[in-house]
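Take a look at the structure below.
The values are calculated or read from the model by the stated rules, or taken from the named source; none is laboratory data. It should be emphasised that the depicted structure is a prediction, and the values quoted were computed from it without experimental measurement. Reconstructed Cβ throughout: ideal geometry from the backbone, glycine too, with neighbour counts over all protein chains shown. Each accessible area value is taken on the protein alone, full model and side chains, heavy atoms only, with ligands, DNA and RNA left out. Shrake-Rupley method; radii C 1.70, N 1.55, O 1.52, S 1.80 Å.
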Amino acid sequence: SSVHPSIHSLLRRSLRRINHSRMKFSVAILSFSMAGACSAFHQKSAFIPRSPSSSASSPSALSALLEEIPASSSMSREQTKVPVFDDICETTGVTLTRFMNEVAMLNPEIRELTTLFGAIDTACKAITNLVKRSQLPSSETLGYQGEINVQGEDQKKLDVITNDLLKRALRFTGRLGVLASEEEDVPVDLIGNAKSDSNEVLIEEGERYVAVFDPLDGSSNVDAGIPTGTIIGIYEHDENCAIDPTCVGDECSEQEAQCLANTLQPGTNLVAAAYCLYSSSTFLALTLGNGVYIFTLDESLGEFVLSKPNVKIPQDCNIYSFNEASLEKWDAPLQKVVKGWREGTGKSGERFSSRYIGSMVGDVHRTLLYGGVFGYPSDTKNVNGKLRLLYEGAPMSFIMEQ
(Lines give C-alpha, C1' and ligand atoms only; values in the text may rest on other atoms or scores of the structure.)
Protein backbone atom coordinates (compact mmCIF):
# COMPACT_ATOMS: atom_id res chain seq x y z
CA SER A 1 0.00 0.00 0.00
CA SER A 2 1.28 3.49 -0.79
CA VAL A 3 2.29 5.47 2.26
CA HIS A 4 0.11 8.52 2.85
CA PRO A 5 2.23 11.73 3.10
CA SER A 6 1.21 12.27 6.73
CA ILE A 7 2.32 8.80 7.85
CA HIS A 8 5.52 9.08 5.83
CA SER A 9 6.35 12.35 7.59
CA LEU A 10 5.38 10.96 11.01
CA LEU A 11 7.54 7.86 10.69
CA ARG A 12 10.45 9.82 9.26
CA ARG A 13 10.45 12.17 12.26
CA SER A 14 10.00 9.34 14.76
CA LEU A 15 12.78 7.14 13.40
CA ARG A 16 15.09 10.12 13.11
CA ARG A 17 14.45 10.87 16.77
CA ILE A 18 15.09 7.31 17.90
CA ASN A 19 18.26 7.09 15.80
CA HIS A 20 19.56 10.18 17.60
CA SER A 21 18.14 9.08 20.93
CA ARG A 22 21.36 7.27 21.63
CA MET A 23 22.35 6.10 25.03
CA LYS A 24 23.17 9.10 27.20
CA PHE A 25 26.06 7.33 28.86
CA SER A 26 26.82 4.90 26.12
CA VAL A 27 28.74 2.28 27.98
CA ALA A 28 26.43 0.25 25.85
CA ILE A 29 27.91 -3.13 26.44
CA LEU A 30 28.97 -3.73 30.01
CA SER A 31 30.35 -7.22 30.22
CA PHE A 32 28.50 -8.84 33.05
CA SER A 33 30.59 -11.60 34.58
CA MET A 34 28.91 -14.96 34.42
CA ALA A 35 30.17 -18.08 36.13
CA GLY A 36 31.36 -21.08 34.18
CA ALA A 37 33.23 -21.66 30.95
CA CYS A 38 31.84 -22.85 27.62
CA SER A 39 30.12 -26.16 28.03
CA ALA A 40 28.33 -28.74 25.93
CA PHE A 41 24.63 -28.36 25.21
CA HIS A 42 22.24 -28.96 28.06
CA GLN A 43 18.49 -29.17 27.70
CA LYS A 44 17.01 -26.02 29.12
CA SER A 45 14.69 -23.19 28.30
CA ALA A 46 15.51 -21.51 25.01
CA PHE A 47 13.65 -18.41 26.08
CA ILE A 48 13.57 -16.86 29.53
CA PRO A 49 10.76 -14.28 29.69
CA ARG A 50 11.88 -11.08 31.35
CA SER A 51 9.56 -9.64 33.94
CA PRO A 52 7.81 -6.36 33.19
CA SER A 53 9.54 -4.77 36.17
CA SER A 54 12.89 -5.15 34.44
CA SER A 55 11.79 -3.32 31.33
CA ALA A 56 13.12 0.18 30.91
CA SER A 57 10.70 2.90 30.00
CA SER A 58 10.46 3.91 26.36
CA PRO A 59 12.75 6.77 25.26
CA SER A 60 11.10 10.17 25.54
CA ALA A 61 11.84 10.75 21.87
CA LEU A 62 9.11 8.26 21.03
CA SER A 63 6.47 9.67 23.29
CA ALA A 64 4.80 11.79 20.62
CA LEU A 65 4.12 8.70 18.53
CA LEU A 66 3.67 6.06 21.19
CA GLU A 67 1.15 8.04 23.22
CA GLU A 68 -1.30 7.32 20.43
CA ILE A 69 -0.38 3.66 20.12
CA PRO A 70 -1.34 1.03 22.70
CA ALA A 71 1.70 -0.32 24.50
CA SER A 72 2.46 -3.89 23.52
CA SER A 73 2.08 -6.41 26.27
CA SER A 74 5.17 -8.04 27.73
CA MET A 75 6.29 -11.02 25.75
CA SER A 76 5.45 -14.33 27.36
CA ARG A 77 6.29 -17.72 25.91
CA GLU A 78 6.04 -21.22 27.18
CA GLN A 79 9.44 -22.49 28.14
CA THR A 80 11.12 -24.25 25.25
CA LYS A 81 14.33 -26.21 24.85
CA VAL A 82 17.53 -26.02 22.85
CA PRO A 83 18.76 -29.20 21.18
CA VAL A 84 21.21 -31.74 22.53
CA PHE A 85 23.58 -33.13 19.90
CA ASP A 86 24.64 -36.62 20.86
CA ASP A 87 25.76 -37.52 17.35
CA ILE A 88 27.95 -34.96 15.58
CA CYS A 89 29.55 -35.40 12.16
CA GLU A 90 33.34 -35.13 12.47
CA THR A 91 33.56 -33.50 9.05
CA THR A 92 30.86 -30.86 9.18
CA GLY A 93 30.13 -30.50 12.88
CA VAL A 94 26.84 -28.82 13.79
CA THR A 95 25.85 -26.40 11.06
CA LEU A 96 23.63 -23.38 11.61
CA THR A 97 21.00 -25.03 9.43
CA ARG A 98 20.96 -28.16 11.57
CA PHE A 99 20.96 -26.12 14.78
CA MET A 100 17.91 -24.08 13.74
CA ASN A 101 16.09 -27.14 12.39
CA GLU A 102 16.56 -28.88 15.73
CA VAL A 103 15.33 -25.79 17.56
CA ALA A 104 12.26 -25.69 15.31
CA MET A 105 11.46 -29.38 15.89
CA LEU A 106 11.61 -28.88 19.65
CA ASN A 107 9.73 -25.59 19.48
CA PRO A 108 7.18 -25.55 16.63
CA GLU A 109 5.87 -22.16 17.76
CA ILE A 110 9.12 -20.47 16.66
CA ARG A 111 9.57 -22.38 13.40
CA GLU A 112 9.50 -19.11 11.42
CA LEU A 113 12.82 -18.11 13.00
CA THR A 114 14.45 -20.95 11.06
CA THR A 115 13.54 -19.22 7.81
CA LEU A 116 14.74 -15.83 9.07
CA PHE A 117 18.12 -17.17 10.18
CA GLY A 118 18.44 -18.98 6.87
CA ALA A 119 18.20 -15.58 5.18
CA ILE A 120 20.68 -14.04 7.64
CA ASP A 121 23.05 -16.97 6.96
CA THR A 122 22.94 -16.33 3.21
CA ALA A 123 23.23 -12.54 3.54
CA CYS A 124 26.29 -12.77 5.81
CA LYS A 125 28.04 -15.09 3.36
CA ALA A 126 27.34 -12.67 0.52
CA ILE A 127 28.46 -9.63 2.53
CA THR A 128 31.73 -11.25 3.63
CA ASN A 129 32.58 -11.86 -0.03
CA LEU A 130 31.78 -8.23 -0.88
CA VAL A 131 34.00 -7.01 1.96
CA LYS A 132 36.88 -9.24 0.88
CA ARG A 133 36.71 -7.99 -2.70
CA SER A 134 35.98 -4.37 -1.86
CA GLN A 135 39.59 -3.18 -2.26
CA LEU A 136 40.23 -4.72 -5.66
CA PRO A 137 40.63 -2.10 -8.43
CA SER A 138 37.86 -3.80 -10.39
CA SER A 139 35.43 -3.70 -7.45
CA GLU A 140 32.25 -1.67 -7.85
CA THR A 141 32.11 -1.16 -4.08
CA LEU A 142 35.09 1.23 -3.87
CA GLY A 143 34.55 4.80 -2.71
CA TYR A 144 31.63 6.85 -1.47
CA GLN A 145 28.08 6.92 -2.73
CA GLY A 146 27.96 10.71 -2.59
CA GLU A 147 25.00 10.72 -0.19
CA ILE A 148 24.47 11.29 3.52
CA ASN A 149 22.48 8.76 5.54
CA VAL A 150 19.98 9.58 8.28
CA GLN A 151 22.79 9.52 10.86
CA GLY A 152 24.58 12.38 9.05
CA GLU A 153 27.36 10.08 7.85
CA ASP A 154 28.83 9.80 4.36
CA GLN A 155 27.51 6.62 2.78
CA LYS A 156 29.97 4.33 1.10
CA LYS A 157 28.89 2.33 -1.91
CA LEU A 158 29.39 -0.75 0.24
CA ASP A 159 26.87 0.62 2.78
CA VAL A 160 24.22 0.96 0.09
CA ILE A 161 24.92 -2.43 -1.51
CA THR A 162 24.92 -4.38 1.77
CA ASN A 163 21.78 -2.57 2.94
CA ASP A 164 19.94 -3.56 -0.22
CA LEU A 165 21.29 -7.11 -0.04
CA LEU A 166 20.17 -7.67 3.55
CA LYS A 167 16.73 -6.19 3.18
CA ARG A 168 16.07 -8.28 0.07
CA ALA A 169 17.24 -11.44 1.82
CA LEU A 170 14.91 -10.78 4.75
CA ARG A 171 12.03 -9.60 2.60
CA PHE A 172 11.81 -12.82 0.62
CA THR A 173 11.46 -14.97 3.74
CA GLY A 174 7.80 -13.98 3.90
CA ARG A 175 8.07 -13.94 7.69
CA LEU A 176 8.46 -10.21 8.36
CA GLY A 177 5.86 -7.53 8.82
CA VAL A 178 8.19 -4.49 8.80
CA LEU A 179 11.92 -3.80 8.41
CA ALA A 180 13.97 -0.84 9.65
CA SER A 181 17.57 -0.12 8.64
CA GLU A 182 20.13 2.26 10.10
CA GLU A 183 20.83 3.48 6.57
CA GLU A 184 17.25 4.64 5.98
CA ASP A 185 15.12 7.12 7.88
CA VAL A 186 11.78 5.36 7.36
CA PRO A 187 10.86 1.67 7.62
CA VAL A 188 12.51 -0.21 4.78
CA ASP A 189 10.96 -0.15 1.31
CA LEU A 190 10.18 -3.84 0.86
CA ILE A 191 8.95 -3.62 -2.71
CA GLY A 192 11.22 -1.04 -4.29
CA ASN A 193 14.87 -1.39 -5.26
CA ALA A 194 18.11 0.45 -4.75
CA LYS A 195 17.62 2.52 -7.91
CA SER A 196 13.99 3.43 -7.39
CA ASP A 197 12.56 6.54 -5.78
CA SER A 198 9.61 4.59 -4.45
CA ASN A 199 8.30 5.62 -1.05
CA GLU A 200 6.05 2.60 -0.79
CA VAL A 201 6.25 0.45 2.32
CA LEU A 202 4.77 -3.01 2.24
CA ILE A 203 3.06 -4.10 5.45
CA GLU A 204 2.77 -7.87 5.40
CA GLU A 205 -0.34 -8.39 7.48
CA GLY A 206 -0.35 -11.49 9.61
CA GLU A 207 3.42 -12.03 9.47
CA ARG A 208 5.10 -12.65 12.76
CA TYR A 209 8.34 -10.71 13.09
CA VAL A 210 9.92 -7.27 12.80
CA ALA A 211 13.63 -6.85 12.00
CA VAL A 212 15.95 -3.91 12.64
CA PHE A 213 19.54 -3.93 11.42
CA ASP A 214 22.79 -2.13 10.76
CA PRO A 215 23.96 -3.70 7.49
CA LEU A 216 27.67 -2.86 7.79
CA ASP A 217 28.80 -1.41 11.09
CA GLY A 218 32.30 0.07 10.90
CA SER A 219 32.26 0.42 7.12
CA SER A 220 34.59 3.42 7.35
CA ASN A 221 37.29 0.96 8.46
CA VAL A 222 37.00 -1.33 5.44
CA ASP A 223 39.77 0.46 3.51
CA ALA A 224 42.20 -0.26 6.37
CA GLY A 225 41.30 -3.95 6.61
CA ILE A 226 39.80 -3.52 10.08
CA PRO A 227 36.95 -5.88 11.10
CA THR A 228 33.40 -4.86 10.25
CA GLY A 229 30.08 -6.46 11.02
CA THR A 230 26.32 -6.72 10.60
CA ILE A 231 23.96 -6.29 13.58
CA ILE A 232 20.38 -7.61 13.60
CA GLY A 233 17.56 -7.48 16.13
CA ILE A 234 14.25 -9.36 15.80
CA TYR A 235 11.00 -8.45 17.54
CA GLU A 236 7.57 -9.99 17.46
CA HIS A 237 5.11 -8.26 15.16
CA ASP A 238 2.00 -6.86 16.81
CA GLU A 239 -0.76 -9.34 16.06
CA ASN A 240 -3.28 -6.52 16.35
CA CYS A 241 -1.75 -4.81 13.35
CA ALA A 242 -4.45 -4.82 10.69
CA ILE A 243 -5.29 -2.49 7.82
CA ASP A 244 -8.99 -2.13 7.09
CA PRO A 245 -9.34 -2.47 3.30
CA THR A 246 -12.28 -0.06 3.39
CA CYS A 247 -10.40 2.77 5.13
CA VAL A 248 -9.63 6.01 3.33
CA GLY A 249 -7.25 8.94 3.78
CA ASP A 250 -6.02 9.79 7.27
CA GLU A 251 -7.88 6.83 8.74
CA CYS A 252 -5.58 4.49 6.81
CA SER A 253 -2.54 6.55 7.81
CA GLU A 254 -3.30 6.06 11.50
CA GLN A 255 -3.65 2.30 11.04
CA GLU A 256 -0.39 2.16 9.07
CA ALA A 257 1.36 4.19 11.78
CA GLN A 258 0.38 1.62 14.40
CA CYS A 259 1.80 -1.18 12.26
CA LEU A 260 5.02 0.59 11.28
CA ALA A 261 5.63 1.66 14.89
CA ASN A 262 6.43 -2.00 15.58
CA THR A 263 10.01 -1.03 14.68
CA LEU A 264 10.12 1.33 17.66
CA GLN A 265 9.95 -1.30 20.39
CA PRO A 266 12.22 -1.25 23.46
CA GLY A 267 15.14 -3.66 23.59
CA THR A 268 13.45 -5.67 26.34
CA ASN A 269 11.01 -6.92 23.68
CA LEU A 270 13.69 -8.54 21.53
CA VAL A 271 13.10 -12.24 20.84
CA ALA A 272 16.37 -12.82 18.97
CA ALA A 273 19.54 -10.93 18.08
CA ALA A 274 22.61 -11.71 16.02
CA TYR A 275 25.77 -10.22 14.59
CA CYS A 276 28.10 -11.28 11.81
CA LEU A 277 31.77 -10.36 12.15
CA TYR A 278 33.92 -10.13 9.01
CA SER A 279 37.52 -10.58 10.16
CA SER A 280 40.18 -13.33 10.18
CA SER A 281 37.20 -15.64 9.88
CA THR A 282 33.53 -14.89 9.41
CA PHE A 283 31.62 -15.38 12.65
CA LEU A 284 27.89 -15.41 13.33
CA ALA A 285 26.80 -15.04 16.95
CA LEU A 286 23.15 -15.41 17.91
CA THR A 287 20.88 -15.58 20.89
CA LEU A 288 17.27 -16.77 21.09
CA GLY A 289 16.96 -15.53 24.65
CA ASN A 290 18.86 -18.27 26.46
CA GLY A 291 22.60 -18.30 25.91
CA VAL A 292 24.81 -17.20 23.03
CA TYR A 293 26.04 -19.51 20.26
CA ILE A 294 28.88 -18.60 17.91
CA PHE A 295 29.23 -20.15 14.47
CA THR A 296 32.28 -19.89 12.21
CA LEU A 297 32.07 -19.97 8.42
CA ASP A 298 33.80 -23.04 6.96
CA GLU A 299 34.52 -21.76 3.46
CA SER A 300 35.35 -25.22 2.15
CA LEU A 301 31.80 -26.32 3.02
CA GLY A 302 30.07 -22.98 2.58
CA GLU A 303 28.40 -23.50 5.97
CA PHE A 304 28.43 -21.80 9.35
CA VAL A 305 29.59 -24.41 11.87
CA LEU A 306 28.98 -24.20 15.62
CA SER A 307 32.34 -23.37 17.20
CA LYS A 308 31.45 -21.94 20.62
CA PRO A 309 28.22 -23.19 22.24
CA ASN A 310 26.67 -21.45 25.22
CA VAL A 311 29.34 -18.76 25.51
CA LYS A 312 30.01 -17.29 28.95
CA ILE A 313 32.04 -14.13 29.56
CA PRO A 314 35.12 -14.81 31.75
CA GLN A 315 34.70 -13.68 35.35
CA ASP A 316 38.09 -12.03 35.66
CA CYS A 317 39.50 -9.69 33.06
CA ASN A 318 41.44 -6.43 33.07
CA ILE A 319 40.71 -5.14 29.57
CA TYR A 320 38.76 -2.00 28.80
CA SER A 321 37.76 -0.83 25.35
CA PHE A 322 37.17 2.92 25.08
CA ASN A 323 38.37 5.61 22.68
CA GLU A 324 40.80 7.27 25.08
CA ALA A 325 41.54 10.05 22.60
CA SER A 326 38.27 11.56 23.85
CA LEU A 327 39.10 11.14 27.55
CA GLU A 328 39.43 14.87 28.23
CA LYS A 329 35.98 15.41 26.69
CA TRP A 330 34.23 12.96 29.04
CA ASP A 331 32.59 14.01 32.29
CA ALA A 332 34.71 14.03 35.45
CA PRO A 333 33.35 10.84 37.11
CA LEU A 334 34.04 8.75 34.00
CA GLN A 335 37.51 10.22 33.62
CA LYS A 336 38.24 9.24 37.22
CA VAL A 337 37.05 5.64 36.67
CA VAL A 338 39.07 5.13 33.48
CA LYS A 339 42.19 6.68 34.99
CA GLY A 340 41.76 4.35 37.97
CA TRP A 341 41.65 1.35 35.62
CA ARG A 342 44.71 2.58 33.76
CA GLU A 343 46.78 3.40 36.84
CA GLY A 344 45.66 0.49 39.03
CA THR A 345 44.11 2.74 41.68
CA GLY A 346 40.61 1.35 41.27
CA LYS A 347 38.83 -0.96 43.70
CA SER A 348 40.49 -4.10 42.29
CA GLY A 349 43.96 -2.57 42.56
CA GLU A 350 44.84 -4.03 39.16
CA ARG A 351 46.04 -2.11 36.15
CA PHE A 352 43.84 -2.59 33.11
CA SER A 353 45.02 -2.90 29.52
CA SER A 354 43.41 -0.93 26.71
CA ARG A 355 42.20 -2.74 23.58
CA TYR A 356 40.21 -0.61 21.17
CA ILE A 357 39.49 -1.52 17.54
CA GLY A 358 37.05 1.26 16.72
CA SER A 359 34.59 -1.17 15.16
CA MET A 360 31.76 -2.04 17.55
CA VAL A 361 31.20 -5.62 16.39
CA GLY A 362 34.92 -6.42 16.66
CA ASP A 363 35.24 -4.84 20.11
CA VAL A 364 32.12 -6.58 21.41
CA HIS A 365 33.20 -9.94 19.98
CA ARG A 366 36.54 -9.72 21.78
CA THR A 367 34.83 -8.63 25.00
CA LEU A 368 32.39 -11.52 24.74
CA LEU A 369 35.24 -14.03 24.49
CA TYR A 370 37.92 -12.46 26.71
CA GLY A 371 35.86 -10.37 29.14
CA GLY A 372 36.29 -6.74 30.14
CA VAL A 373 34.22 -3.68 29.38
CA PHE A 374 33.35 -1.87 26.15
CA GLY A 375 31.83 1.57 25.94
CA TYR A 376 31.31 4.58 23.73
CA PRO A 377 30.61 7.36 26.25
CA SER A 378 29.05 10.70 25.47
CA ASP A 379 31.43 13.63 25.29
CA THR A 380 31.34 17.36 24.69
CA LYS A 381 31.06 16.79 20.93
CA ASN A 382 28.46 13.99 21.05
CA VAL A 383 26.48 14.83 24.15
CA ASN A 384 24.16 11.83 23.72
CA GLY A 385 26.83 9.37 22.63
CA LYS A 386 27.04 7.88 19.14
CA LEU A 387 25.66 4.37 19.48
CA ARG A 388 22.20 3.94 17.98
CA LEU A 389 19.90 2.43 20.56
CA LEU A 390 17.60 0.72 18.06
CA TYR A 391 20.12 -0.79 15.64
CA GLU A 392 23.26 -1.27 17.76
CA GLY A 393 22.78 -0.80 21.50
CA ALA A 394 19.71 -2.96 22.08
CA PRO A 395 20.65 -6.03 19.96
CA MET A 396 24.25 -6.09 21.23
CA SER A 397 23.19 -5.59 24.85
CA PHE A 398 20.74 -8.49 24.51
CA ILE A 399 23.58 -10.71 23.28
CA MET A 400 25.89 -9.67 26.11
CA GLU A 401 23.09 -10.11 28.66
CA GLN A 402 22.56 -13.70 27.51
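Calculation over all alpha carbon pairs of segment 351-398 in 10 angstrom steps from 0 returns a P(r) of 23, 52, 24, 1 percent.
Pop out the carbon and sulfur fraction of the accessible area of segment 295-402 as a percent, whole number, probe 1.4 Å.
Carbon and sulfur together cover 47 percent of it.
As a rough guide to protection, the peptides 169-179, 385-395 ranked by mean Cβ packing within 10 Å, highest first, stand as 385-395, 169-179.
Around the amide H of V271, modelled in the peptide plane, lie the amide H atoms of I234, Y235, E236, all under 5 Å away and 5 or more residues distant in sequence or on another chain.
Measuring between alpha carbons in the structure, the pairs from K156/K339; K156/K381; K132/K312; K339/K386; K125/K308 lying more than 28 angstrom apart are K156/K339; K132/K312. Packing-based ranking of 126-137, 224-235 yields 224-235, 126-137, ordered from highest to lowest mean Cβ neighbour count within 10 Å.
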